[in-house]
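To keep things clear, I will list the structure first and then write my remarks on it.
The values are calculated or read from the model by the stated rules, or taken from the named source; none is laboratory data. As the structure is a computational prediction, the values presented were derived from the model and not from experiment. For neighbour counting, all protein chains shown are included, and Cβ atoms are generated from backbone atoms with ideal geometry for every residue, glycine included. For accessibility, only protein heavy atoms count, side chains too; no ligands or nucleic acids. Shrake-Rupley method; radii C 1.70, N 1.55, O 1.52, S 1.80 Å.
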Amino acid sequence: MAVIQMKRVTLCALRKNRKQVLEDLQRRGVVEISDTDIKDGVFQKSDLSDSRAVFAKNVSAARRALEILNRVVPQNRSMLSALEGKKQLSARQYEEFAQRHDETVRAAERLEALDRSIAESRSEIVRTELEREALSPWMETDVPLDFAGTKTTAAFIGSLPGAMTREELSVRVAQAAPQAGPFTAEVVGAAQDQTCFFLLCEKKDREAYAAALNALGFARPAVQSDRPPKQQAGALQAAAEEHRKAIERGEAEIKSLADRRSDLELLADYDTIRSDKYEVIGRLAQSKRTFLLTGFVPAKKAAGLEAALTGKYDLAIDFSDPDEKEDVPVLLKNNAFTTPVEDVVESFSLPGKGEIDPTAIMAPFYYFLYGMMLGDAAYGIIMTLVTFLLMKKFPRMSPTMHKMLNMFFYCGISTTFWGVMFGSYFGDVVDVVGSTFFHTSVSLPALWFAPLNQPMRLLVFCLLVGVIHLFTGLGAGLYEAVHAGRYRDALYDVVFWYLLVGGLIIMLLSSSMIRSMFGLSFVIPSPVATGAGIVAALAAAGIILTGGRESKNPVKRIMKGLYALYNVTGYLSDMLSYSRLLALGLATGVIASVVNKMAAMAGGGAVGAIVFILIFIVGHTLNIAINMLGAYVHTNRLQYVEFFGKFYSGGGRKFNPFSASAHTQYYQFKEENES
Amino acid sequence: MNFFNSLGLPLALLGAALAALLPGIGSAIGVGKTGQAAAGVVAEDPSQFGKVLVLQLLPGTQGIYGLLIAFIALSQMGILGGGAAAISGAKGLLYLAACLPMALVGYYSAINQGNAAVASIGLEAKRPDQFGKAMIFPAMVETYAILALLVSILAISGVGGLNV
C-alpha cells in the first residue's frame, strides 16, 4: 500500500558467466541497472554500439517484413485483438530460436527484396503504358520514328500545332519554304490539336525545310524508337506482361513465406532483447576476468534474487540501503481494489522523495466521484459487465490495459450504486416504455431522491463531498509532515487551515441567508457559531504570522502571510468545483431522457417498438460514450487539481527494470514475474 | 400589457433556442479545430488515435450542455409535453435570462477549450507519455461551462415555480 522500498544492489561475478547472469536477470526482470561509474586501471567499460546497431537493423528488417506480409496476406484480426497481449515464450523456445535466427534474417531480407522488385515492376508497367500512350498517334508510321532519310532524301517525322488535312499541311509547308525543292508530306495521325505527319524531301533541301518547319512550330515525337511504332508498341506490351507475371510470382513467393510470420515476430523480439542486454553490458564495469553491476532491486525481491543467483554461479552480491541523495526509482504496490488507479497517479507524477503513495486514499474517492458523475444504474451495469467479461476473456492483456478496465469495473459498480440511489435506469426508460406501450404509469422510484426534482439538495451534498475530499487531502499532508517530524509545518500549513476553513463553513451555515438558499433545516446554536468565528479568526491570525516564515524580514513576512491568507479564496473555488458532480450527473440523466422521449415519438405498436429500439440503442450508446469520457476527465481533474493540490507534487522516477519484455512487441517470458 | 404577455412564450423559446444554438456553434468550432490538429498527429503516428480522439472530444461537451438546458427549458414551458401553458411576458423574460449563462459561456468556453485542446494535442504528439497532463489543461476551461450550466439549471427550475 505504498511506495516499495528499494535496495541498492552490487553484484560482482566472473566474466565467463556474464551472458548467463545477465540473461537470468533479464528474465527475472526485478533489477534496474544503473551506470557503474568506476573507471580505473582494473575496470573498463566496453562500447558495444556496433553490435547494437546490427540488432537494431535486424529488428527493423523484421518489422518491415511483417508489414509486407500483413499487406499481402492480411490476418483476420478482430477489433479486440489489441487486448490479447503478448504471447508466452518459454526459455526453451528462446534458445531454439538461436538456430533459426540467421535464416529468419534472410527470410526478412528476401521479403524486402521481393517487395522492392514488385514495386519496381509496378512502376515499369506504368512507364510502358505511358510510352504506349505517347506512341498511339504514330501508329500509322511504318518506319522507325528516328528515321532521318535515305542516301538522297531527308525525312522529318513530327507534329505541327492545329488540326490539318494533308493538303492544308502541304500548302503551309510550301509557303514557308518557297525556294526549296519538291517534297511529299503525309498525315499519319492527330493528337490534342496536333497534326502528326511524315515529310520527305531531297537531301539538299534539308536545312531549308528544317528552318521552315521550325518557324511553323515543328515538334519531334515525344518518344523515339529504332523500330516502327507498331512493333515498338507490341514489344512494350510484351514487357508489361512480363512485369505482371513477375509481380504474380513475387506475391506468390511472399505468400509462401507467410508461415514465417511468427518467426519474424520472434526475430524482432529476440534481437530487441539482445540489444537491451548489450545496452546493459555497456553500463557494466569490467575487468579482465570479472564484471561489476550496480542497480536497484525491490527490497522484498532481494533475498530471492540472492538465493537464485548464488545457487547457480560463483559471484558476490551485496544489498544496501540507498542513501538520501540517490535518485531511487519508484515502484508502487497496492491491493487489488486500489491498484487500478495507479496509472492515474502515474500519469500525474509518481511520488517524489518523502511523499506517500496517494493511490490508496485516492481510489475510493475516484470510484465514488466517477459514479456520481455518471450516475445511471443501467450504464453502470453495462460498464461492469463489459469490463468484467473482457478481463476474463483476455487474461494476458497488457498490465496497463488491465488496470484501466479494472478501474472502469469498479467505477461501473459505483455508477450502478448511484443510479439506484437517484432512480436512473437508462434515464427514465421504465416510465417512457410503460406509458408508450402499455399505457400504464410505472416507474422505478429513487432509493434516495431524484436529482432533477431537488437540485439544491444534491448541490449541498456535492459541496459536502468536496469538503470531505479536500480535508482528506489536507489530512494526507498532515500525515506526511508528522511522519517526517516536521511538526511545525504540520501545525502552520495544515491545522491552521483546517480550523480556518472549518470555522468559516460553520459560520456560513449559521447565517440564515445561506440556510434558506440551500434549504437546510438544522439550526446551529449561536454560541457554536461565535466560537467557530473566534477559532477561524485565530487561525487566520496564525496564518498571517506563519505563512511567510521563510522570510527573515518581519514586514516581508507579514506581507507574505497576508498573501497566504488570500489563499482562502482558493478553498472557496475548490469547493465550488465539486458542483460539477451535480452538473455532469444531471447531464447524463437528462440526455438519457431526451433519447427516450425521441424514441417514443413514433408511438406504440409494432412500428413504434422497432423505431424505439433503434433510437434507444444508438442514443444510449452515444450517451454512454460521451458521459464516460466526461466523468473520466472530470474525476481526474478533481483528483489532480483539487485533491493533489493540497498535499502532493510528485516528481518520482519510475522503476524501470532490466527485463526481457520491457521493449518486446509480441512475446514475453513465461517465468517472468514469478520469481 | 396584453401584447407583452403574448410575447411570453416566444421569449422563453428564444432563450431555449439560444442555449442550444450558441454552445452548439462554439462546440462545432472547437471540435473542428481540434479535429484538424488530431488528424495531423494521427498522420504521423496512427497509434495516437485513441488519445487524440479524447482530446478532440473535450470541447464538444458545451454543445451537449446547451442541448440539456434547452431541453429542460422546453419541458418546463410545456412545449415538449404538449399543451404549452400560457406564459406571462415577465416569465418569458425570466426564462430567457436563465438560459443566457449557458448560451454565452458555453459559446466562448467551447472555442477557447478548443484552442487549449489543440495545444494539448501538440503536447501529446511530442510527449505521448504526458497524456494525463495534456487532458487537464482543456478540462480547466470547461469548469466555467459547468458553472454556467449549473446556474442555468438552477435558475430554470427556480423560474418554473415563480408566480409572475
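What the table shows:
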item	result
Some residue of the stretch A:567-589 being away from every other protein chain (no Cβ under 12 Å), more than 30 Å from A:VAL482 (Cα to Cα), open to solvent by less than 20 Å² (accessible area, probe 1.4 Å) and in contact (Cβ under 8 Å) with a residue 40 or more places away in the chain	no
Qualifying positions in the stretch A:58-90 - touching a strand residue (DSSP E or B) at 6+ places or on another chain (Cβ under 8 Å) and either surrounded by fewer than 13 Cβ atoms within 10 Å (Cβ to Cβ) or assigned to a helix (DSSP H, G or I) (or both)	A:SER90
Residue satisfying all of: in the stretch A:649-666; modelled with pLDDT of 90 or more and open to solvent by less than 20 Å² (accessible area, probe 1.4 Å); nearest to A:GLU32 (Cα to Cα) among these	A:PHE658
All positions within the stretch A:317-368 that are among the aliphatic types (A, V, I, L, M) and within 14 Å of chain B (Cβ to nearest Cβ)	A:VAL341, A:VAL344, A:VAL345, A:LEU350, A:MET362
Odd one out for A:GLY304, checked against (1) free of Cβ contacts under 8 Å to residues at least 60 places away in the same chain; (2) outside any loop (DSSP other than H, G, I, E, B)	(1)
Of all residues making up the stretch A:578-623, the number that are touching a His at 6+ places or on another chain (Cβ under 9 Å), assigned to a helix (DSSP H, G or I) and closer than 25 Å to A:LEU500 by Cβ	2
Those residues of the stretch A:396-453 which are touching a strand residue (DSSP E or B) at 6+ places or on another chain (Cβ under 8 Å) and either closer than 16 Å to A:MET383 by Cβ or within 14 Å of another protein chain (Cβ to nearest Cβ) (or both), in sequence order	A:GLY419
Answer from A:VAL465, A:VAL495 - the residue that is open to solvent by less than 70 Å² (accessible area, probe 1.4 Å), over 39 Å from the mean Cα position of the chain (by Cα) and at pLDDT 90 or above	A:VAL495
Residue in the stretch B:34-42 that is more than 11 Å from chain A (Cβ to nearest Cβ), more than 27 Å from A:MET404 (Cβ to Cβ) and open to solvent by 20 Å² or more (accessible area, probe 1.4 Å) present	yes
Search result, residues across the stretch A:161-185 that are part of a helix (DSSP H, G or I) and open to solvent by 50 Å² or more (accessible area, probe 1.4 Å)	A:ARG166, A:GLU167, A:GLU168, A:VAL171, A:ARG172, A:GLN175
Qualifying residue in the stretch A:240-251 (condition: open to solvent by 20 Å² or more (accessible area, probe 1.4 Å), farther than 30 Å from A:ARG63 by Cβ and either free of Cβ contacts under 8 Å to residues at least 60 places away in the same chain or among the acidic types (Asp, Glu) (or both))	yes
Which numbered condition A:GLY650 misses (of (1) part of a helix (DSSP H, G or I); (2) within 12 Å of chain B (Cβ to nearest Cβ); (3) not aromatic (Phe, Trp, Tyr))	(1)
Pair list, Cβ < 9 Å and 6+ apart or interchain, from the stretch A:336-347 residues that are open to solvent by less than 10 Å² (accessible area, probe 1.4 Å) to residues that are part of a loop (DSSP other than H, G, I, E, B)	A:THR338/A:MET1; A:PRO340/A:ASN334; A:VAL341/A:ASN334; A:VAL345/A:PRO351; A:VAL345/A:ASP357; A:VAL345/A:PRO358; A:VAL345/A:TYR648; A:VAL345/A:GLY650
In the stretch B:120-138, residue least open to solvent (accessible area, probe 1.4 Å) [restricted to those that are of a type in the set (A, V, I, L, M) and within 8 Å of another protein chain (Cβ to nearest Cβ)]	B:MET135
In the stretch B:118-148, the residues that are under 28 Å from B:ALA73 (Cβ atoms), of a type in the set (A, V, I, L, M) and modelled with pLDDT of 90 or more	B:VAL141, B:ALA145, B:ALA148
Count - residues of the stretch A:598-635 that are within 14 Å of chain B (Cβ to nearest Cβ), over 27 Å from B:TYR144 (Cα atoms) and open to solvent by 60 Å² or more (accessible area, probe 1.4 Å)	2
In the stretch B:71-114, the residues that are within 14 Å of chain A (Cβ to nearest Cβ), open to solvent by 20 Å² or more (accessible area, probe 1.4 Å) and at pLDDT 95 or above	B:PRO101, B:VAL105
Condition met for B:LEU53 (within 14 Å of chain A (Cβ to nearest Cβ), buried (at least 24 other Cβ atoms within 10 Å of the Cβ) and either closer than 19 Å to B:ILE153 by Cα or not basic (Lys, Arg) (or both))	no
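Let's see how each residue does on (1) among the hydrophobic types (A, V, I, L, M, F, W, C); (2) in contact (Cβ under 8 Å) with a residue 40 or more places away in the chain:
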position: A:LEU538; (1), (2): yes, no
position: A:ARG549; (1), (2): no, yes
position: A:ASN553; (1), (2): no, no
position: A:LYS597; (1), (2): no, yes
